[in-house]
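Worksheet: one structure, shown below.
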Amino acid sequence: MNVIELLECESTNEELKKKIGSVEPGTLLWSQHQTKGKGQRSRTWVSVPGDFTGSIYFRLEASPYITQVSIRIGVEICLFLRKFIPNVFLKWPNDLMIKREDSLFKWGGILCESIQKNNIIHLVVGFGLNQIKKNESFEMPSISSEELGIKSVDCISLLQNVYQSFNTSDFSFRDHFEKVHLFQVGEEITVGTQKGVYLGLSSYGELILDQNGVRKKIQKNI
């Protein structure tokens with residue numbers, strides 16, 4: 001796999017999207033320092049030198065179920081991180097959370113962005129992980145690998161393994177999702193502006209909520 005390393009950039013997702021058409025699927029681009037990283041819903045992702053910020057490129061056949069692909073990638077990343085620490089969970093759709101008793105801390109996050117041309121979806125998956133300090137840009141308490149007693153996570157290998165698994169294994173993300181999901185079925189939750197009782201995940205990766213007796217499916221927009 002092709003790995004592109006940058007000393008500094010504004011956003012690894014933006015840099016990799018610029019290269020679509022000139023790089024092969026599986027190309028990974030990472031930066032030692034990202035200055036204007038992006039999160040969900042137009043939020044910023046502030047990183048410092050030593051944290052990991054990188055993106056990897058997937059080329060997919062056009063499908064209406066891109067949310068399913070995004071959630072599967074999140075599940076695989078979470079399962080990889082559990083090799084280091086068992087109490088890491090995926091908060092649908094893209095937050096990587098550490099659970100300590102009744103407290104939650106954000107360790108990292110995933111941002112998927114897609115471009116469709118003809119019948120092909122070009123998907124760029126951005127991944128950020130706090131390695132050496134808390135990330136003060138988060139709206140919730142955060143934590144780093146260092147604070148967890150982990151010297152460093154090899155995030156390049158992580159993304160490469162996720163890419164290989166995605167293309168070579170028959171991985172049922174729904175079988176694994178409930179094992180790593182932060183919420184339990186029957187729990188009352190809030191996701192963005194949506195509130196309700198969590199009922200599970202659809203076969204397309206949508207979150208299903210019961211809102212006062214009405215079932216609602218929430219799709220991750222990418």
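What follows is calculated from the coordinates using simple rules that are stated; it is not laboratory data. Remember, predicted model here, so these are calculated numbers, not experimental data. All Cβ positions, even for glycine, are placed from backbone atoms using ideal geometry, and neighbour counts span all protein chains on display.
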Local net charge near Gln211, Cβ-Cβ under 13 Å (Lys/Arg +1, Asp/Glu -1): +2
Pairwise FRET efficiency - Ile4 versus Tyr204, Cβ, R0 = 35 Å, nearest 0.05: 0.60
Region 8-23 - phi-based ³J(HN,Hα) in whole Hz, Karplus 6.51/-1.76/1.60, Gly and Pro as x: 7, 7, 6, 8, 5, 4, 5, 5, 6, 4, 5, 8, 4, x, 10, 10
Among beta bridges that DSSP assigns inside the chain, antiparallel share in %, nearest 5: 85
Amide H contacts under 5 Å for Asp51, placed H, 5+ residues apart: Gln131, Ile132
Whether region 123-222 is rounded, prolate or oblate, judged on the alpha carbon gyration tensor where a/c under 1.5 counts as rounded: oblate
The chain, relative contact order [Cα under 8 Å, separation at least 6], %: 18
Charge tally in the Cβ shell below 13 Å around Arg100, where Lys, Arg are +1 and Asp, Glu are -1, Arg100 excluded: -1
Total formal charge among the other residues, if their Cβ is under 12 angstrom from that of Lys195, Lys/Arg +1 and Asp/Glu -1: -2
Flagged links, alpha-carbon separation over 20 Å, of Lys18/Lys133; Lys36/Lys195; Lys195/Lys216; Lys106/Lys179: Lys18/Lys133; Lys36/Lys195
Calculated [θ] (222 nm, deg cm²/dmol) that DSSP helices of n ≥ 4 give over the chain, each run adding -39,500 (n - 2.57): -6000 deg cm²/dmol
Kyte-Doolittle at least -1.0, axis length at least 18 Å by Cα - qualifying DSSP helices, the chain: 66-81, 155-168
Charge dipole (debye, nearest 20) of region 78-185; +1 at Cβ of Lys and Arg, -1 at Cβ of Asp and Glu: 120
Burial order of peptide ranges 69-80, 174-185 (average beta-carbon count within 10 Å, highest first): 69-80, 174-185
Note, ³J(HN,Hα) from phi for region 107-117, Karplus 6.51, -1.76, 1.60, rounded to Hz, x at Gly and Pro: 9, x, x, 10, 10, 9, 10, 10, 10, 9, 10
For region 1-129: relative contact order, % (alpha-carbon pairs under 8 angstrom, 6 or more apart): 24
From phi via Karplus (6.51, -1.76, 1.60), per-residue ³J(HN,Hα) for region 121-127 in Hz, x at Gly/Pro: 9, 9, 10, 10, 10, x, 9
